[in-house]
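Taken together, the values in this text are just the output of simple stated rules run on the coordinates, not laboratory data. The structure displayed is predicted, hence computed values, not measured ones. So basically every Cβ, Gly included, is an ideal-geometry build from the backbone, and we count neighbours across all protein chains shown.
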Amino acid sequence: MSIAYSNTNMRVPAGFRNLLEGLAREVLREQPTNVVAFAAQHFQKLLEQREAGGIDPVAWGAMLED
């Protein structure tokens, strides 16, 4: 997926869209008062899951996008 910005094309990294959709889904479900802190906790939890079990949400999301 690429996004037109001025006269240049910027590529969105594989899995990024899926990662942000997951965050958006959790924000809508939880309705946190501090979205930035919630996002930090959300990504920290994903990082811990990746390090503990080898589950990489970005790689998994990239496979879904293909």
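Residue 40 sits among other residues whose Cβ lies under 13 Å from its own Cβ, and their net charge, with Lys and Arg +1 and Asp and Glu -1, is -1.
Multiplying the residue separation of residue 59 and residue 9 by 0.36 nm and removing their Cα-Cα distance gives an extension gain of 15.7 nm.
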